[in-house]
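What follows is a single structure, written as structure tokens, with notes after it.
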Amino acid sequence: STVLSIETSCDETAVAIVKNRQVCSSIVNSQIPIHQQYGGVVPEVASRQHLEIINQAIALALTQANLTWQEIDGIAATCAPGLVGALLVGVTAAKTLAIVQQKPFIGVHHLEGHIYANYLSEPSLEPPFLSLLVSGGHTSLIYVKDCGVYETLGETRDDAAGEAFDKVARLLKLGYPGGPVIDKLAQEGNAKTFGLPEGNVSQPGGGYHPYDSSFSGLKTAVLRLVQQLEKEVQPLPVADIAASFQKSVARSLTKRAIACARDYGLTTIAVGGGVAANSGLRHHLTTAASTHNVRVLFPPLKFCTDNAAMIGCAAAEHLDRAHISPLTLGVQSRLPLTNVMQLYQKKD
Ligand code: ATP
Ligand code: MG
Ligand code: FE
């Protein structure tokens with residue numbers, strides 16, 4: 001099916017048209033430069049900015065795809081989780097279009113978008129598979145049993161992987177967002193220079209939790225290392241620190257994802273979220289998986305971070321199963337992935 005999708009959960013105004021797991025058009029307008037002057041995302045500014053450009057973005061997506069409304073089967077928008085005011089802009093636009101164009105409306109959970117972004121690089125992928133979701137706000141291992149049917153097997157106990165990249169970048173004074181800068185620097189550094197913790201979570205009975213992780217200790221270890229080095233060396237070996245940190249995160253995520261896939265007999269790991277763009281993670285996980293006969297998939301690079309094409313992929317899966325949202329659907333700042341089916345009414 002062909003879906004027009006909108007993503008406005010945070011600081012990207014994005015609209016896309018996706019047809020049978022292929023991108024016809026994808027507009028992503030990042031507000032990062034606007035929020036940078038405040039040192040973080042200001043919710044009120046985000047909503048206002050979405051509102052100002054959403055109509056243009058929709059028109060542009062249609063023009064670039066060279067499609068008419070007649071060829072669109074459904075209209076989708078991210079409705080949870082995220083900033084309420086920001087989500088409202090996308091959801092209201094999508095519902096209005098659904099009424100005017102007489103198309104079904106599909107509300108989408110943002111994380112389902114990150115999971116199904118993998119369909120853009122691997123159109124033949126079908127559940128069951130294991131999703132390693134690594135984004136700015138999440139670090140989870142999710143057993144994808146079917147579209148809408150999920151079991152969370154592992155999570156971070158504190159910072160998300162992307163958050164760790166952002167915090168370490170801040171303490172190295174590299175700016176925001178931190179992931180892409182650290183990734184680039186790490187390629188010039190030596191990852192063996194500094195030994196850093198790998199995010200283990202101790203279990204009450206001894207040993208480590210097999211699937212849960214913790215990144216706040218790693219962040220603190222980097223902080224201590226920087227404080228120590230500042231006394232000893234000038235300039236700071238930023239590239240070596242970045243490389244050592246990135247290796248720790250990559251090894252940590254790889255170890256847990258492979259163990260989880262093997263324990264549950266899943267032969268495919270599909271990675272999603274902004275950190276899926278990380279070259280260190282891509283390399284470590286792909287290498288480790290090949291020795292365990294596990295297939296690893298990543299979305300195309302530009303569809304790892306927030307975009308609307310991934311929302312279109314998730315929406316199309318629901319639409320194909322006749323999962324349609326009522327026009328009374330609201331937005332939610334939080335919603336566990338395991339509750340996504342409450343966004344749909346079964347139509348027959
Ligand atoms: P969530 O999806 O959990 O609500 P989000 O939408 O803010 O959070 P994403 O857009 O999926 O998060 O990803 C953004 C995060 O990905 C940021 O923390 C950013 O630093 C990180 N990131 C982006 N590119 C890379 C990279 N190449 N290496 C590591 N991290 C990266
Ligand atoms: Mg963002
Ligand atoms: Fe995201």
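Counting the residues of segment 268-298 that are among the charged types (D, E, K, R) and over 22 Å from residue 165 (Cα atoms) gives 1.
Every residue, every condition in (1) hydrophobic (A, V, I, L, M, F, W, C); (2) within 27 Å of residue 69 (Cα to Cα); (3) touching a Gly at 6+ places or on another chain (Cβ under 6 Å), yes or no:
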{"site": "82", "(1), (2), (3)": "no, no, no"}
{"site": "89", "(1), (2), (3)": "yes, yes, no"}
{"site": "99", "(1), (2), (3)": "yes, yes, no"}
{"site": "102", "(1), (2), (3)": "no, yes, no"}
{"site": "107", "(1), (2), (3)": "no, yes, no"}
{"site": "114", "(1), (2), (3)": "no, yes, yes"}
{"site": "117", "(1), (2), (3)": "yes, yes, yes"}
{"site": "125", "(1), (2), (3)": "yes, no, no"}
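For beta carbons closer than 7 Å, sequence separation of 6+ or different chains, a first residue in segment 251-278 that is among the charged types (D, E, K, R) and a second that is assigned to a loop (DSSP other than H, G, I, E, B) and away from ligand 2 (no atom under 16 Å from the Cβ), the qualifying pairs are 251/198; 256/210; 256/211; 262/292.
Counting only residues that are in a strand (DSSP E or B), more than 18 Å from the chain's Cα centre (by Cα) and not aromatic (Phe, Trp, Tyr), segment 72-115 holds 3 of them.
For residue 266, the conditions (1) assigned to a loop (DSSP other than H, G, I, E, B); (2) of a type in the set (A, V, I, L, M, F, W, C); (3) within 16 Å of ligand 2 (Cβ to nearest atom) are fulfilled apart from (3). In segment 159-180, the count of residues that are closer than 30 Å to residue 21 by Cβ and among the aliphatic types (A, V, I, L, M) is one or more. When we screen 214, 248, 202 for residues that are closer than 16 Å to residue 278 by Cβ and either hydroxyl-bearing (Ser, Thr, Tyr) or more than 28 Å from the chain's Cα centre (by Cα) (or both), the only hit is 248.
Per this entry, residue 46 is counted among residues that are within 16 Å of ligand 2 (Cβ to nearest atom), free of Cβ contacts under 8 Å to residues at least 60 places away in the same chain and part of a helix (DSSP H, G or I). Scanning segment 280-295 for residues that are outside any loop (DSSP other than H, G, I, E, B) and away from ligand 1 (no atom under 16 Å from the Cβ) gives 287, 288, 289, 290, 291, 295.
Of the residues contained in segment 140-159, none is found to be over 19 Å from residue 296 (Cα atoms), in a helix (DSSP H, G or I) and among the charged types (D, E, K, R). Which residue out of 316, 277 is of a type outside the set (Asp, Glu) and away from ligand 1 (no atom under 16 Å from the Cβ)? When all the criteria are applied, what remains is 316. The lone criterion from (1) within 17 Å of the chain's Cα centre (by Cα); (2) closer than 25 Å to residue 37 by Cα; (3) touching a residue at least 24 places away in the same chain (Cβ under 8 Å) left unmet by residue 178 is number (3). Of all residue pairs spaced 6 or more apart or on separate chains, those with beta-carbon atoms under 6 Å, a first member in segment 190-210 that is touching a residue at least 24 places away in the same chain (Cβ under 8 Å) and a second member that is of a type in the set (Gly, Ala, Ser) and part of a loop (DSSP other than H, G, I, E, B) are 199/214; 201/214.
Exactly one of (1) under 18 Å from residue 116 (Cα atoms); (2) among the polar types (S, T, N, Q); (3) out of contact with any helix residue (DSSP H, G or I) (no Cβ under 7 Å at 6 or more places or on another chain); (4) within 16 Å of ligand 2 (Cβ to nearest atom) is unmet by residue 30. Its number? Against the list (1) under 18 Å from residue 116 (Cα atoms); (2) among the polar types (S, T, N, Q); (3) out of contact with any helix residue (DSSP H, G or I) (no Cβ under 7 Å at 6 or more places or on another chain); (4) within 16 Å of ligand 2 (Cβ to nearest atom), residue 30 comes up short only on (1).
Among the residues making up segment 17-36, those that are under 20 Å from the mean Cα position of the chain (by Cα) and hydrophobic (A, V, I, L, M, F, W, C) are 17, 18, 23, 27, 28, 32. Looking at segment 1-26, which of the residues that are in a strand (DSSP E or B) and surrounded by fewer than 24 Cβ atoms within 10 Å (Cβ to Cβ) is nearest to ligand 1 (Cβ to nearest atom)? Out of the qualifying residues, it is 12. Exactly one residue among 277, 308 is closer than 25 Å to residue 191 by Cα, modelled with pLDDT of 95 or more and under 16 Å from the mean Cα position of the chain (by Cα), and that residue is 277.
Taking first residues from segment 300-315 that are farther than 15 Å from residue 6 by Cβ and partners that are in a helix (DSSP H, G or I) and within 12 Å of ligand 3 (Cβ to nearest atom), the Cβ contacts under 7 Å between residues at least 6 apart in sequence or on separate chains come to 301/277; 303/310; 304/274; 304/276; 304/277; 305/274; 305/277.
The values are calculated or read from the model by the stated rules, or taken from the named source; none is laboratory data. Just so it is clear, the structure is predicted and the values come from calculations on it, not from any experiment. Glycine also receives a Cβ, built like all others from the backbone with ideal geometry; neighbour counts cover every protein chain displayed.
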